[in-house]
Each structure stands twice: as structure tokens, then as C-alpha cells.
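The values are calculated or read from the model by the stated rules, or taken from the named source; none is laboratory data. The structure displayed is predicted, hence computed values, not measured ones. Here Cβ is always computed from backbone atoms with ideal geometry, including for glycine, and neighbour counts include all displayed protein chains. Areas reflect the complete protein model, heavy atoms only, side chains present, ligands, DNA and RNA absent. Shrake-Rupley method; radii C 1.70, N 1.55, O 1.52, S 1.80 Å.
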Amino acid sequence: MVKEEEQTFNELIKENHASIYRICRAYLYDTSHADDLYQEIIFQIWKSMKNFKGKSKASTWVYRIAINTAISFNLKNKKHQHLSLPDSIQLPYEDTLQEKQEEEQQLGRLRYCISKLEQGDRLIISLVLEDKSYKEIAEITGNNVNHVGVKINRIKARLVKLMTNEYQHEL
């Protein structure tokens, strides 16, 4: 029985490793603490395995544990209140160095603006950037789908406003 649990646990972590690590990166401004948070999430998943009832997808269950653990981690470590952009956002290959530098500056502005959002909004926009559906975001955050849709639209509008203000400050 223990071998089966270990095998199930190892498969679960293998399937969700990248998502867990993106949550760690998303919740911490200082990414040097991401490994500590990652280990804490893995521990919490192991402790909670016997409680998984299968009422949701395993990946959704892992997300909820990861997010709840990240929130607790941040409460314990108040200095880690900013979110960075998930690793899933990658810049496309560009022919010129200048274009790449401009895109990196824009991405940096976006990261900065996301860090200015409230924690719940940072979580939701991070899930949007990971291409999660409204339904999946609702399951992960414990909200209904309509509420998630409204929140996403408001967050996007807030980000546009922040990005516009950030751009005007640079001129």
C-alpha cells in the first residue's frame, strides 16, 4: 500500500511539477525562496493525499494546495508580498537586439504592474497567463465562473491603466 501511495505521489508531482514551480515563482518577488516554498507545497501534497476524494481533477486539487500553501508561506514571510510573472510567458525569437530589448522592457513593466495588483488579483491573472479556463480558475480560487469572468475583465482593465501610467512616467 505504501509503495502504491509513493508511486501515485511521484506521478502526481511529475505531472504537476512545472505548474507548482510557476506558482512558487508567481507568489514570490525574491525567487531565491521559490525552492523553499516548492518543498513546503510538496510536503503539504504528501500530507493531504489521503484526503483527496477525486471530486475534482488532481491538477486542480494540487493547485489549491499550492495556492493555499503559498498564501500561508507569504503570511509567515511578510517580505515576500510581490508576484512575478509566471515562467510560462516567453518572449518570441526576434531578429534584432533592439526589438528584444524593447520587449524585455515591456515585459518588465508588465511584471511591475502585476506586482501592484492585490494578491487575489495577482493569483487570478497568473492563472489566466497559464491558459487556465474560467472554470478551472473558479475551481482553484473557490469562486463561481461568472465571478471569475467579471474579476478577469476588471483585472485586465486595471493592468491596462497601470501599464498606461507606467508608460507615461517613462516619457
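Scanning the range 130-156 for residues that are surrounded by fewer than 17 Cβ atoms within 10 Å (Cβ to Cβ) and part of a helix (DSSP H, G or I) yields a total of 9.
Condition test on Asn77, is it open to solvent by 40 Å² or more (accessible area, probe 1.4 Å) and modelled with pLDDT of 80 or more? Taking the combined requirement at face value, the residue does not satisfy it.
Restricting the range 35-69 to residues that are over 12 Å from the mean Cα position of the chain (by Cα) and of a type in the set (Gly, Ala, Ser) leaves a set whose member that is nearest to Glu130 (Cα to Cα) is Ser59.
Restricting the range 22-62 to residues that are aliphatic (A, V, I, L, M) and either under 16 Å from Thr141 (Cα atoms) or in contact with a strand residue (DSSP E or B) (Cβ under 7 Å, 6 or more places away or on another chain) (or both) leaves a set whose member that is surrounded by the fewest Cβ atoms within 10 Å (Cβ to Cβ) is Ala58. Going residue by residue through the range 131-143, is there one that turns out to be more than 21 Å from Trp61 (Cβ to Cβ), without any contact (Cβ under 8 Å) to a residue 60 or more places away in the chain and more than 14 Å from the chain's Cα centre (by Cα)? No, every residue in the range 131-143 fails to be more than 21 Å from Trp61 (Cβ to Cβ), without any contact (Cβ under 8 Å) to a residue 60 or more places away in the chain and more than 14 Å from the chain's Cα centre (by Cα).
What is the number of the single condition among (1) in a helix (DSSP H, G or I); (2) at pLDDT 80 or above; (3) open to solvent by less than 30 Å² (accessible area, probe 1.4 Å) that Leu117 does not meet? All conditions are met except number (1). Applying the set (1) buried (at least 16 other Cβ atoms within 10 Å of the Cβ); (2) part of a helix (DSSP H, G or I); (3) modelled with pLDDT under 85; (4) not aromatic (Phe, Trp, Tyr) to Ala66 leaves exactly one unmet item: (3).
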